[in-house]
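Each reported figure results from applying straightforward, stated rules to the coordinates on display, with no laboratory input. If you're wondering where the values come from, they're calculated on a predicted model, not measured in any experiment. Neighbour counts run over all protein chains shown; Cβ positions are idealised from the backbone, glycine included.
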Amino acid sequence: MGVHEHLIDDERIVLQHPPFYLTTHRLLRSEDLNGSDSFREIPLLGMTEVEKLQVTDHKIMSIGAILVVSCVILMATWGLFTAFFGLIAGVVALVWGSKGKTTGYQVKSPRISESDLDMWRLPNWGADNFVEKLQTIVTENQNSHPQRY
């Protein structure tokens, strides 16, 4: 059974990023699990947030920490002034690594239970247009006159 069989009257698919489908009325998750159809939905007016999920980049932070410690030791023991540039590079690497990298996006709604949150997590790769449209919908939901899509 496909996602098209779950559409209601005058509803159409606007964007898709399987297993997620954004229609004019709802956000759908439809997938085939071991021969049985799994179907979930969230009305567009029920979405409250699309949160960006980020994880710190420990590799970059490790390199930055090694650079900072090494350059401080070089400056203190040998008096190398050029190690100051390495110190700056290490601090930049620490800050950049702590900012983290985006791993995905979490759709939030009061209609989603805590146990089902993982089901509504969008991957980072290839979901840019889909996430931008969802964020636009959430922003308009916060206005007093939300529109239908």
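Taking only Cα atoms and a 10 Å spring cutoff, compute GNM fluctuations for the chain and point out the largest among I42, I60, I112. Largest GNM mean-square fluctuation: I60. Summary of the geometry: the range 1-80 and the range 95-145, compared by the centres of their Cα atoms, lie 6 Å apart. Note on the chain: GNM, Cα springs under 10 Å; of L80, L53, L122, the largest mean-square fluctuation is that of L80.
Arranged from fewest to most other beta-carbon atoms within 10 Å of their beta carbon, R12, R26 become R12, R26.
For N129 and T82, the FRET efficiency from 1/(1 + (r/R0)^6), where r spans their Cβ atoms and R0 equals 41 Å, is about 0.30. Segment T102..H17, full-extension length gain: 28.8 nm, with 0.36 nm per residue of separation and the alpha-carbon distance subtracted. With the convex hull drawn over the C-alpha atoms of the range 77-148, the volume per residue is 186 Å³. As a length-normalised measure over Cα pairs under 8 Å and 6 or more apart, the relative contact order of the range 57-99 settles at 59 percent. Listed from fewest to most Cβ neighbours within 10 Å, the set S113, S38, S30 follows the order S113, S38, S30. Report which label in (1) 1.56; (2) 2.37; (3) 1.37 holds the value of Cα Rg over 2.2 N^0.38 Å derived from the coordinates of this structure. Correct label is (1). For the range 57-99, the Kirkwood hydrodynamic radius from C-alpha pairs, put into Stokes-Einstein at 25 °C and a viscosity of 0.890 mPa s, yields a diffusion coefficient of 246 µm² per second. Entry note, the chain: relative contact order of 24 percent, from Cα contacts under 8 Å with a spacing of 6+ residues. Within straight-line reach of K99, meaning a Cα separation under 21 Å, sit the following lysines at least 8 residues removed in sequence or on another chain: K52, K59.
In this simple spin-label approximation, N141 and F39 carry label points 7 Å from Cα along the Cα→Cβ vector, and these lie 2.1 nm apart.
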